[in-house]
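The values are calculated or read from the model by the stated rules, or taken from the named source; none is laboratory data. Model, not experiment: these values are computed from the prediction. Every residue, glycine as well, gets a Cβ built from its backbone with ideal geometry; the counts of neighbours run over all protein chains shown.
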Amino acid sequence: MNEKARQLKKNWDENPRWRGVVRTYSAEEVVKLQGTIQLDHTLARIGAAKLWDYLSKEPFIRALGAETGCQAVQQVQAGLKAIYVSGWQVAADMNDSLETYPDLSLYPVTSVPHLIRRINKALMRQDQIDCMQGQSAIDWFAPIVADAEAGFGGPLNTFELIKAMIEEGVSAVHLEDQLSSLKKCGHMGGKVLEPASIFIHKLIAARFAADILDVPTLIIARTDAEGAKLIRSDSDPVDKGYITGNRSPEGYFEIRGGIPFAIERAKAFAPYADLIWCETQTPSLEEARAFAEGVHQAFPGKWLAYNCSPSFNWKKHMDENKMRSFQEELGKMGYKFQFITLAGFHTLNASMFDLASQYASEGMSAYGRFQESEFQLERERGFKAIKHQQFVGASYFDEIMTVLSEGQISTKSMEGSTESAQFTS
C-alpha cells in the first residue's frame with residue numbers, strides 16, 4: 001500500500017465522518033483510479049463539510065427546492081442553511097432539452113449538474129458584491145442537496161452522474177430505488193422497484209465517485225417501497241417476503257408495499273448511505289415514527305430525511321398548529337434534513353399568475369401594488385432584488401471598469417441610472 005492509500009484508509013478508519021459507512025472497495029483501488037493530478041472541487045468539498053457539520057450540531061435543517069439561481073439567493077438571504085435541487089423541477093422547467101416534462105427521467109442527464117452550476121454562480125455573484133462592499137454578514141455558499149433520480153441507468157451511469165454533480169459543486173446527492181428506465185415521481189402511480197442489491201450497487205458507485213474525486217459528499221438513499229406496487233425481480237432475499245407471487249402484464253412482480261417493506265429496504269441500504277429517506281403518500285407523524293423506529297432498532301441514530309411535499313394537501317391532513325410543530329416533531333425522531341421539493345415551481349407560478357391576473361384587469365395599479373410589496377420587504381426584511389441592477393452586479397462590473405481605466409471613467413452604469421435616482425431609502 002502506498003502512502004496516499006495509507007492516509008486515505010487511516011481517514012476512513014479514524015474520522016468520525018465515516019463512522020458506520022461501509023465500502024466494498026479498498027483505498028488502493030480508489031488511489032489507482034484517481035490519476036496523477038487531483039483537482040480540488042472546492043465548492044463541493046466545503047459544502048459537504050458544512051452540511052455534515054450542520055446535521056451533526058442542529059436538530060434538523062430546512063430547505064426549499066430552488067428552480068433558478070436567483071431563487072437560491074433569496075433562500076440564503078432569508079436564512080435557510082441549505083438548498084435543494086429537485087429533478088421534478090428540472091424536468092418541468094429547467095432542463096437542457098428546453099422542454100416541459102413530467103417527472104419521468106426524460107430530461108438529459110446533464111440537466112441537474114447544470115442547475116447546480118447555475119445556483120453556485122448566482123451565490124458566487126452575491127458573495128462578490130458583498131465582498132466588494134465590505135460586507136460579510138451572510139455566508140452565501142449554502143450546501144446544495146441535489147436529485148440524482150435513479151441514476152439514469154446502472155452503476156456506471158450513476159458513477160458518471162455523481163461525478164458531474166460533484167464537479168459542479170454539489171454537497172449531497174440522493175438516489176432512489178426505482179427501476180431507472182421507468183422512474184417516476186414518488187407521488188405518481190406505476191412505480192417499479194429495483195431489487196435491493198441492485199440499488200446498493202448504485203449507492204456504492206456514488207460513494208466510489210465521491211472518493212475518487214476526494215470529496216466527502218453525503219449520500220442519501222431513498223426508498224419508494226411504501227407506495228410502490230411492483231418490483232423488477234424476485235432475486236433479492238430482502239424483497240422476497242413482500243412479493244405476492246402475482247405478475248404484471250409486463251412481467252414485473254407484484255409486491256405488498258408499505259412502511260414494513262420500506263424499513264427492510266432502508267436497513268439494507270443504511271450501511272452505504274449517510275441519510276435514509278422514505279417517500280410517503282401522506283404527511284403522517286405516525287408513519288414517520290414507525291419508519292424511524294424500525295431503522296433505528298438496527299442502526300441507532302441513523303440520520304433520516306423527509307420530503308414535506310407539495311404533492312400533499314396539507315390542510316386536509318392537519319390544522320395550522322400541527323403544521324407549525326410538524327417539522328420539530330420529525331426532528332425529534334431523527335429526520336435531520338427536511339425539505340419542500342417543489343417550492344420553487346409553485347412560488348414562481350403562483351406569484352406570476354397572481355400578478356398577471358391583476359395586471360390584465362387593472363393595468364399599472366396592479367404592478368404598483370406589487371412594487372410596494374417589494375419595498376415593504378426591503379424595509380422589513382432586507383430584500384435586495386427590488387434594486388435589480390445592483391442585485392445582479394452592475395456596480396461590481398462598474399468597479400472592474402474603474403480599475404481597468406485607473407479611475408478615469410465617465411461611463412459607469414449605475415451613475416445616472418433610474419435605480420440610483422428613484423430607489424433610494
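Computed quantities for the displayed model
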| read-out | value |
| --- | --- |
| Those residues of segment 114-162 which are of a type in the set (D, E, K, R) and either more than 25 Å from D103 (Cα to Cα) or buried (at least 21 other Cβ atoms within 10 Å of the Cβ) (or both), in sequence order | K121, R125, D127, D130, D139, D147, E149 |
| Close pairs from segment 248-263: first more than 14 Å from L182 (Cβ to Cβ), partner of a type in the set (S, T, N, Q) and modelled with pLDDT of 95 or more, Cβ under 6 Å, at least 6 apart | E254/T244; E254/N246; A262/T223 |
| Pairs where the first residue, in segment 48-61, is closer than 17 Å to L330 by Cβ and in contact (Cβ under 8 Å) with a residue 40 or more places away in the chain and the second is of a type in the set (A, V, I, L, M, F, W, C) and in a helix (DSSP H, G or I), C-beta under 9 Å, 6+ apart | F60/L330; I61/L51; I61/L55 |
| Cβ-Cβ under 6 Å pairs, at least 6 apart or on other chains, segment 377-405 side in the same structural domain as T424 (by TED's automatic domain parsing) and over 24 Å from T68 (Cβ atoms), far side polar (S, T, N, Q) and surrounded by fewer than 17 Cβ atoms within 10 Å (Cβ to Cβ) | D398/S413 |
| Segment 293-308, subset in contact (Cβ under 8 Å) with a residue 40 or more places away in the chain and closer than 13 Å to W277 by Cα, residue surrounded by the most Cβ atoms within 10 Å (Cβ to Cβ) | A305 |
| Of all residues making up segment 91-132, the number that are in a loop (DSSP other than H, G, I, E, B) and without any contact (Cβ under 8 Å) to a residue 12 or more places away in the chain | 4 |
| Within segment 310-368, helices (runs of 4 or more DSSP H) holding 3 or more residues that are small (G, A, S) and assigned by TED's automatic domain parsing to the domain that holds W52 | none |
| Condition met for R265 (at negative phi, in contact with a strand residue (DSSP E or B) (Cβ under 9 Å, 6 or more places away or on another chain), of a type in the set (D, E, K, R) and not in a loop (DSSP other than H, G, I, E, B)) | yes |
| Residue check for E380: modelled with pLDDT of 95 or more, over 29 Å from M94 (Cβ atoms) and in contact with a helix residue (DSSP H, G or I) (Cβ under 7 Å, 6 or more places away or on another chain) | no |
| Those residues of segment 1-55 which are aliphatic (A, V, I, L, M) and in contact with a Pro (Cβ under 8 Å, 6 or more places away or on another chain), in sequence order | V21, V22, A48, A49, L51 |
| Single residue of F208, F199 found to be of a type in the set (F, W, Y) and surrounded by 22 or more Cβ atoms within 10 Å (Cβ to Cβ) | F199 |
| Qualifying positions in segment 358-412 - surrounded by 12 or more Cβ atoms within 10 Å (Cβ to Cβ), acidic (D, E) and under 37 Å from the mean Cα position of the chain (by Cα) | E374, E378, D398, E399 |
| Only listed residue being under 18 Å from F208 (Cα atoms), assigned to a helix (DSSP H, G or I) and within 15 Å of the chain's Cα centre (by Cα), chosen from A5, A72, A48 | A48 |
| Residue match in segment 207-220 (condition: at pLDDT 95 or above, out of contact with any helix residue (DSSP H, G or I) (no Cβ under 8 Å at 6 or more places or on another chain) and either farther than 17 Å from V30 by Cα or not hydroxyl-bearing (S, T, Y) (or both)) | yes |
| Only listed residue being over 27 Å from D130 (Cα atoms) and exposed (fewer than 12 other Cβ atoms within 10 Å of the Cβ), chosen from K315, K336 | K315 |
| Test result for L193, touching a residue at least 40 places away in the same chain (Cβ under 8 Å), touching an Asp or Glu at 6+ places or on another chain (Cβ under 9 Å) and under 30 Å from V31 (Cα atoms) | no |
| Residue in segment 214-236 that is in a helix (DSSP H, G or I) and either surrounded by fewer than 16 Cβ atoms within 10 Å (Cβ to Cβ) or in contact with a Pro (Cβ under 9 Å, 6 or more places away or on another chain) (or both) present | no |
| Residues being part of a loop (DSSP other than H, G, I, E, B) and surrounded by fewer than 19 Cβ atoms within 10 Å (Cβ to Cβ) - total across segment 253-262 | 2 |
| In segment 397-425, the residues that are assigned to a loop (DSSP other than H, G, I, E, B), small (G, A, S) and over 22 Å from Q126 (Cα atoms) | S405, G407, S410, G416 |
